[in-house]
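One structure is given here, and the rest of the page talks about it.
The values are calculated or read from the model by the stated rules, or taken from the named source; none is laboratory data. In this text the structure is predicted, and so the values were computed from the model without any measurement. Cβ coordinates were reconstructed from backbone atoms using ideal geometry, including for glycine residues, and neighbour counts include every protein chain displayed. Heads up: the accessible areas ignore ligands, DNA and RNA and are worked out on the full protein's heavy atoms, side chains in. Shrake-Rupley method; radii C 1.70, N 1.55, O 1.52, S 1.80 Å.
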Amino acid sequence: MAYQALYREWRPKDFSHVVGQKAIMETLRNQVINRRIAHAYLFCGSRGTGKTSTAKILAKAINCLSPVNGDPCGVCENCMRTDREETLDVIEIDAASNNGVDEMRDLRDTVKYPPQYGSYKVYIIDEVHMLSTSAFNALLKTLEEPPAHIVFILATTEPQKLPETILSRCQRFDFGRISIQDITGRLKEAADGCSAEVSDGALMLIARAAEGGMRDALSLLDMCLGYSNKVDENLVRSILGTSDTSFLFRFCDALAMQDAGCVFMMIDQLMKEGKDPAVFAKDICGHIRGLLIAKTSPDDLAAILNITEEEAKEYIQHSENMTFTRLIRILDLYMSLGTEMRYTSSPRMALENISIKCCLKTTETDEQALSDRITELENRIAELTRKLENGSVSVRVAAAEPGRNETEKTPTEKKQAASSVKPTKNAQPEDPAVWKQFMTVIRQKDMAAWSFLSQGSLVSSRDGHFRWQANRKEGEQQFIAVLNNPDRKKVICDCLADITGQQCMFSAIEKDSAVLNDNSDDAYLETLYDTFGKGPVNVVDQIK
Ligand SMILES: [Zn+2]
């Protein structure tokens, strides 16, 4: 059998198989059953919502010799003729194409002739808003005094472009965007139908990318199946060119921390992976929208974004890193990028430029940036007041030591005095609680570092040397570069030292790194220490 595109194969053949437009289907079905057919229908809605499919089903149903509960039977002579396109009773006109103009010119002549086989002659006019003025006039003349055997089904994505005279003569149906659940349901049927293995996450990604259009969703699935019979999220992402959510979370955290270096590095990673800056800008807009919804209506977030409760929690947590006005500002900037990218010769530079602007919150002097800073200060004051009132923070006035005033104190001492949470001193580095406490502290001090660190885990903390690995091999080098940056390393080590009360080291290491290999010197030494205790073992020279 010849290959048939999925969206053709899965084009609905009766009302009950049209996805996600239940109320419309019920109404049309009842009209067929009660033979109350209107002279003109107008189907409005965005692409892929089922307008043309429904028009074809309706055309078939009203001419069917023995309709089944309002649906076309599919086996009578009239149904078969329509399927084989052997009848002049159903005429499809694409107003967007050239032959549409000719066909509309002939319209006034052809409507006079009665139907060939069935009881109605049905004109399906797709993209009707594209008709020329003269064609509209021809259509209007016919609509004003329609012969009894004529039915018009007009379909359009832009009903606002239709003249009022046409609108007022049609029975109008608005096709809504199809819900993610409905789309994934149909995609699953289609995938099972060709015995392909498609993960739930992949179906979700496809459904989201299709933005409520069934045809786009099926075409995307078709494209994925062209690569492999097993489709997972990574395959879908590589075909769509989109970024995964964890990357977007980290990117926004870097923006929140105004970490321009990190932002540049992440954009560089994107480009190396061959991602399209325009697609990424769109991804960021969608992501910021999610953060905004998380801020305004956290309870409905999961339902609005069609995500799990777990994912919703992540959005809510990350949304706390930025004020509402700042998020709006960043969204504005990235949305303007869409237009800018069409005219620029370097989309990458446009993306970097906007991203840096998003980082420069505190140095900008425009009203919006200032109002951001005021809001942030207000929030902090409110939080402090709240903490003071409920007693979770107390104000201590330190008695000055004789002969030593405040300015002589070392920076570490000052930091400790300012910190409201006193870490438990002298905790053993090997104690898992140390890392847990460290993550809480680093989140306050360096959000970008925290964001990266939470994408991996601590693999060893022997002798105060904390070694960390990314959870995934993908993008690992970038994690390592960011975390092993000397400045950042110092912040991390200082934090760890504060908690453990001893000098600490930190390294981000590669997955399957030899450092942790059981044959390494470290492991050997460890066994010696275990056997004899640290005292008698004296390492004279360690050959690297
Ligand atoms: Zn039939």
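Taking the conditions exactly as written (closer than 30 Å to Gly213 by Cβ, of a type outside the set (Phe, Trp, Tyr), touching a residue at least 12 places away in the same chain (Cβ under 8 Å) and within 16 Å of the ligand (Cβ to nearest atom)), does Thr156 satisfy them or not?
In short, no.
Just one of the numbered conditions (1) surrounded by fewer than 17 Cβ atoms within 10 Å (Cβ to Cβ); (2) within 19 Å of His318 (Cα to Cα) is not true of Ile442; which one?
(1)
Which residues, counting only those in the range 25-37, are open to solvent by 20 Å² or more (accessible area, probe 1.4 Å) and not acidic (Asp, Glu)? Show your work before the answer.
To start, the set of residues in the range 25-37 that are open to solvent by 20 Å² or more (accessible area, probe 1.4 Å) comprises 26-27, 29-31, 33-37.
Thr27, Arg29, Asn30, Gln31, Ile33, Asn34, Arg35, Arg36, Ile37, listed by residue number.
Results for (1) away from the ligand (no atom under 16 Å from the Cβ); (2) under 15 Å from Gly20 (Cβ atoms), shown as yes or no for each residue.
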{"position": "Ala40", "(1), (2)": "yes, no"}
{"position": "Thr49", "(1), (2)": "yes, yes"}
{"position": "Ala55", "(1), (2)": "yes, no"}
{"position": "Leu58", "(1), (2)": "no, no"}
{"position": "Ala61", "(1), (2)": "no, no"}
{"position": "Leu65", "(1), (2)": "no, no"}
{"position": "Val68", "(1), (2)": "no, no"}
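Can you find a residue that is among the aromatic types (Phe, Trp, Tyr), away from the ligand (no atom under 16 Å from the Cβ) and in contact (Cβ under 8 Å) with a residue 40 or more places away in the chain anywhere in the range 116-124? Outline the logic, then answer.
As a first pass, look at the range 116-124 and keep what is among the aromatic types (Phe, Trp, Tyr): 117, 120, 123.
From what is left, the residues that are away from the ligand (no atom under 16 Å from the Cβ) are 123.
Still in the running and in contact (Cβ under 8 Å) with a residue 40 or more places away in the chain: none.
No, every residue in the range 116-124 fails to be among the aromatic types (Phe, Trp, Tyr), away from the ligand (no atom under 16 Å from the Cβ) and in contact (Cβ under 8 Å) with a residue 40 or more places away in the chain.
Could you check the range 18-31 and list, in sequence order, the residues that are more than 28 Å from the chain's Cα centre (by Cα) and closer than 28 Å to Glu158 by Cβ?
Quick first cut of the range 18-31, residues more than 28 Å from the chain's Cα centre (by Cα) only: 23-31.
Passing the criteria: Ala23, Ile24, Met25, Glu26, Thr27, Leu28, Arg29, Gln31.
If you go through the range 97-113 one residue at a time, do you hit one that is more than 9 Å from the ligand (Cβ to nearest atom), assigned to a strand (DSSP E or B) and touching a helix residue (DSSP H, G or I) at 6+ places or on another chain (Cβ under 9 Å)?
First, pick out the residues of the range 97-113 that are more than 9 Å from the ligand (Cβ to nearest atom): 97-113.
When the remaining residues are screened for being assigned to a strand (DSSP E or B), the result is none.
No, that holds for no residue.
Condition first: within 41 Å of the chain's Cα centre (by Cα), of a type in the set (D, E, K, R), on the phi < 0 side of the Ramachandran plot and in the same structural domain as Val151 (by TED's automatic domain parsing). Can you find one or more residues in the range 34-46 that meet it? Walk me through it before giving the result.
Initially, the range 34-46 is screened for residues within 41 Å of the chain's Cα centre (by Cα), giving 40-46.
With the extra rule that they be of a type in the set (D, E, K, R), the set shrinks to none.
No.
Return the residues of the range 411-466 that are modelled with pLDDT under 85 and aliphatic (A, V, I, L, M); say none if nothing qualifies.
Residues satisfying the conditions are Ala417, Ala418, Val421, Ala427, Met447, Ala448, Ala449.
Residues in the range 115-144 that are surrounded by fewer than 14 Cβ atoms within 10 Å (Cβ to Cβ) and of a type outside the set (S, T, N, Q): how many?
The number of residues fulfilling the criteria is 3.
Can you find even one residue in the range 303-318 that is modelled with pLDDT under 80, in a loop (DSSP other than H, G, I, E, B) and at positive phi?
Within the range 303-318, one or more residues are modelled with pLDDT under 80, in a loop (DSSP other than H, G, I, E, B) and at positive phi.
State which residue is farthest from the ligand (Cβ to nearest atom) when the search covers only the range 14-38 and only residues that are touching a residue at least 40 places away in the same chain (Cβ under 8 Å) and part of a loop (DSSP other than H, G, I, E, B). Talk me through it step by step, then tell me what you get.
Going residue by residue through the range 14-38, those that are touching a residue at least 40 places away in the same chain (Cβ under 8 Å) are 14-16, 19-21, 24, 27-30, 37-38.
Add one more test, that the residue is part of a loop (DSSP other than H, G, I, E, B), and what stays is 14, 19-21, 37-38.
On the way: Asp14: 10, Val19: 22, Gly20: 25, Gln21: 22, Ile37: 15, Ala38: 20 Å.
So the residue we want is Gly20.
Just a yes or no: is a residue in the range 191-207 under 19 Å from Thr52 (Cβ atoms), out of contact with any Lys or Arg (no Cβ under 7 Å at 6 or more places or on another chain) and open to solvent by less than 40 Å² (accessible area, probe 1.4 Å)? Can you show your working first?
Here is the first cut: in the range 191-207, the residues under 19 Å from Thr52 (Cβ atoms) are none.
No, there is no match, as no residue in the range 191-207 is under 19 Å from Thr52 (Cβ atoms), out of contact with any Lys or Arg (no Cβ under 7 Å at 6 or more places or on another chain) and open to solvent by less than 40 Å² (accessible area, probe 1.4 Å).
Restricting to the range 256-270, count the residues that are modelled with pLDDT under 90 and within 12 Å of Ser243 (Cβ to Cβ).
2
If we scan the range 248-255, do we find a residue that is modelled with pLDDT of 90 or more and under 19 Å from Arg11 (Cα atoms)?
no
Can you pull out the residues in the range 239-278 that are among the β-branched types (Val, Ile, Thr) and not in a helix (DSSP H, G or I)? Walk me through how you get there before you give the answer.
So the first thing to find is which residues in the range 239-278 are among the β-branched types (Val, Ile, Thr), and the list is 239, 242, 245, 263, 267.
Across the range 239-278, the qualifying residue is only Thr242.
Suppose we filter the range 319-345 for residues that are assigned to a helix (DSSP H, G or I), under 19 Å from Leu377 (Cβ atoms) and open to solvent by 30 Å² or more (accessible area, probe 1.4 Å); how many remain?
So the answer is 4.
Within the range 73-95, is even one residue assigned to a helix (DSSP H, G or I), of a type in the set (A, V, I, L, M, F, W, C), more than 16 Å from the ligand (Cβ to nearest atom) and open to solvent by less than 20 Å² (accessible area, probe 1.4 Å)? Please lay out each step first, then the result.
Narrowing the range 73-95 to residues assigned to a helix (DSSP H, G or I): 77-83.
Filter once more, keeping what is of a type in the set (A, V, I, L, M, F, W, C): 79-80.
Next cut, more than 16 Å from the ligand (Cβ to nearest atom) only: none.
Looking through the range 73-95, none of the residues is assigned to a helix (DSSP H, G or I), of a type in the set (A, V, I, L, M, F, W, C), more than 16 Å from the ligand (Cβ to nearest atom) and open to solvent by less than 20 Å² (accessible area, probe 1.4 Å).
Do we find a residue being in contact with a helix residue (DSSP H, G or I) (Cβ under 9 Å, 6 or more places away or on another chain), polar (S, T, N, Q), in the same structural domain as Gln31 (by TED's automatic domain parsing) and part of a loop (DSSP other than H, G, I, E, B) anywhere in the range 130-141?
Within the range 130-141, one or more residues are in contact with a helix residue (DSSP H, G or I) (Cβ under 9 Å, 6 or more places away or on another chain), polar (S, T, N, Q), in the same structural domain as Gln31 (by TED's automatic domain parsing) and part of a loop (DSSP other than H, G, I, E, B).
Please go through the range 145-158 and give me each residue that is open to solvent by less than 20 Å² (accessible area, probe 1.4 Å), over 16 Å from Thr82 (Cβ atoms) and of a type outside the set (S, T, N, Q), ordered by number. Full working, then the answer.
Filtering the range 145-158 for residues open to solvent by less than 20 Å² (accessible area, probe 1.4 Å) gives 150-156.
In the following step, the residues that additionally are over 16 Å from Thr82 (Cβ atoms) were identified as 150, 152, 154-156.
Those that are open to solvent by less than 20 Å² (accessible area, probe 1.4 Å), over 16 Å from Thr82 (Cβ atoms) and of a type outside the set (S, T, N, Q): Ile150, Phe152, Leu154, Ala155.
Has the range 465-472 got at least one residue that is surrounded by fewer than 19 Cβ atoms within 10 Å (Cβ to Cβ) and part of a helix (DSSP H, G or I)? Give the derivation first.
Initial filter on the range 465-472 (surrounded by fewer than 19 Cβ atoms within 10 Å (Cβ to Cβ)): 465, 467, 471-472.
Subset that is part of a helix (DSSP H, G or I): none.
The answer is no, given that none of the residues of the range 465-472 is surrounded by fewer than 19 Cβ atoms within 10 Å (Cβ to Cβ) and part of a helix (DSSP H, G or I).
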